[in-house]
1. Which order do the peptides 173-182, 443-452 come out in when sorted by mean C-beta neighbours inside 10 angstrom, highest first?
2. Treat every Asp and Glu Cβ in segment 233-412 as -1 and every Lys and Arg Cβ as +1, leave all other atoms uncharged, and give the resulting dipole magnitude about the Cα centre to the nearest 20 debye.
3. Any chance you could give the angle, 0 to 90 degrees and rounded to 10, that helix 258-271 forms with the longest Cα principal axis of the chain?
4. Counting heavy atoms of the protein chains only and a 1.4 Å probe, report the per residue accessible area for segment 507-618 as a whole number of Å².
5. Measure nothing fancy, just the Cα-based angle from helix 607-618's long axis to the longest principal axis of the chain, in degrees from 0 to 90, nearest 10.
6. Measuring with a 1.4 Å probe in the full set of protein chains, what accessible area per residue, in whole Å², belongs to segment 100-253?
7. To the nearest 10 degrees, how steeply does helix 376-393 sit against the main Cα axis of the chain, on a 0 to 90 scale?
8. Tell me, how many Å apart are the Cα centres for segment 416-441 and for segment 70-93?
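The values are calculated or read from the model by the stated rules, or taken from the named source; none is laboratory data. As the structure is a prediction and not an experimental result, all values here were calculated from the model. Virtual Cβ from ideal backbone geometry, glycine too; neighbours counted across all protein chains shown. Surface accessibility is based on the protein's heavy atoms, side chains included, excluding ligands, DNA and RNA. Shrake-Rupley method; radii C 1.70, N 1.55, O 1.52, S 1.80 Å.
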Amino acid sequence: MATGNVAVGAPGAGSSAALQTPTSTKRIINDFSIQVATVNGSGSQSANLVLLKSIFGMGIPVSGKNLFPSNIAGLPTWYTIRASKQGYVARRREIELLVAMNAETAREDILSLPPGGAAIYDESQNLKQYRDDVTCYPVPFDKLTAAVCPEAKLRKLVRNMIYVGVVAQLLSMDLTQVEKAVRRQFAKKQKAADLNWGAIKAGYDFAASSLTKQDPLLLEPMHATEGKIIIDGNAAAALGAMFAGVTVVTWYPITPSSSVVESLIDFMKKHRVEPDGKASFAIVQAEDELAAVGMVLGAGWAGARSMTSTSGPGISLMAEFAGLGYFAELPGVIFDIQRVGPSTGMPTRTMQGDLLSIAYLSHGDTKHVMLLPASVNECYQFAMEAFDLTEQLQTPVFVLSDLDIGMNNWMSDPFVYPDKPLKRGKVLSKEDLDRLGGFERYKDVDGDAIPYRTLPGTNHPKAAYFTRGSGHNEKALYTERPDDYQNLMERLARKFETARSMVPAPEIVQTGKSNIGLIAYGSSDFAVRESRDQLIKEYGLETDYMRVRAFPFSSEVHAFVAAHQRVYVIEQNRDGQMLSLLKLDLPAEHVTRLRSIRYFDGLPLDARTVTDKLVLQEEI
């Protein structure tokens, strides 16, 4: 165990030979978490990203999570970086190294460290008084900052880079990778890059000359990140939408979805503006979410590939138009980056709380297609798939990510460039109408319950039809006949059944050794995969696992539940929303096999919570 005392003094203490932990303490290499506690608006994000990308550059699997308040500035912010040689990227409960830069939370932050942890903090805080079982590293941040930054107004920002240098030295980080990261972070600002690199070196040199390494934490180079990228889920979704051929984007800003369209604006300006300066797209900030989704459906009706992005409160406002899209069979893609609700809730916390409301969004009998990405790669892939599905099925398609995937940085394999043509679905051309002599807009011709449509401007006298949200028959004529309405609603239900075989199938891990099954979706996947390893290692318990990727559920979902005696549905909401959808969909005799593991405090799900809750229910 570390003693909690820091020897100050001997020059050269930071050399590689001196970076030895006490012989009684086992070194912890590439398997711990760093938490940086700062104040919102202090400019710490750049420093945190430099740390994250430096570790990534060393070839060590890494993930970063930003816990920030919903105000503009002044409240506490925590950024957690997890290094994991095993490649785990879910949040961990435990924090081994604290960088305490917020005086208001410093006492609480250091008290939350486990015994044997380490804390870096400003020397004026004297945090050593609170813990004698934690290694304390006091640093004169203001003095070091003033020495490298003559401009007082910049010191608040540059101060953060001092801790990057201190952390780099104490953890034996590769300074070459640190310099690469900082210069990439300020690629277009040479003076800023030089200034921040100078601050990092000042922190590094201070730690080398004045701090004695007494904690067991170290980073050593690996080769586990070669060829990988780092990106957030919202930017990945924006890339997918661009490659899917989106031409109309309407939105109203809301945390945590705003960066979907903000990223898309940058991508489209770079890649979708013609040499003559004309844009091949329209991006419109609407007056509210209701107007935004109305524009999406109108553009989809006109033949454009259209989308919006929002979060829970926006979804609530979109209910009426969602019903119109379902009933009038209009394409459009809606990205929902979920946050904590209800009402305003906690805008900067994560949750999987919109599943049930979106599945049946609007009044009357409605069922909506939902795609459930679990990684940044799937945010990219499912964005493209959503645009194909919405036009093939002629119905709104919702892509449900969440704040954790959407706004945090994740490692990923490079995205695959699309090599297949767009799927526009059943669209009749002038030539088709010449051959057919006409068509009935809402008639099931092929037996899959998906009708044919024409696009406005099709040069044929039989191309026109009425689109309405009131009662209509196969010919799109107004009607209040009971049989016409019932036939329409039954066809829409059959179309939903057709969608079961068109949406992404679940991913299943079948061991052949267990009668216990786990079901999860979205960002819960990271914690569940790690939990399965914990269950084997700590309890010898094998489990099978199915990750649901879409609604409606495919036949594989039913088969998985039928094959297990007990099935735990793991999700991040209070009411067990995926559990409810499964109960509505499964045969009655299989419903009793379902169990629920729910987590809903707004922080990303961690593996230990899954493990502990499952073990409790299994009574192991």
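1. Values: 173-182: 19.7, 443-452: 15.9.
Going by the mean number of other Cβ atoms within 10 Å, highest first, we get 173-182, 443-452.
2. Values: 8 positive and 18 negative charges, 54 e Å.
Computed charge dipole of segment 233-412: roughly 260 debye.
3. 80
4. Numbers: 4340 Å² over 112 residues.
Dividing the accessible area of segment 507-618 by its residue count gives 39 Å².
5. Computed tilt is about 70 degrees.
6. Values: 6500 Å² over 154 residues.
Value returned for segment 100-253: 42 Å² of accessible area per residue.
7. Computed tilt is about 10 degrees.
8. Value for the Cα centre distance between the two parts: 47 Å.
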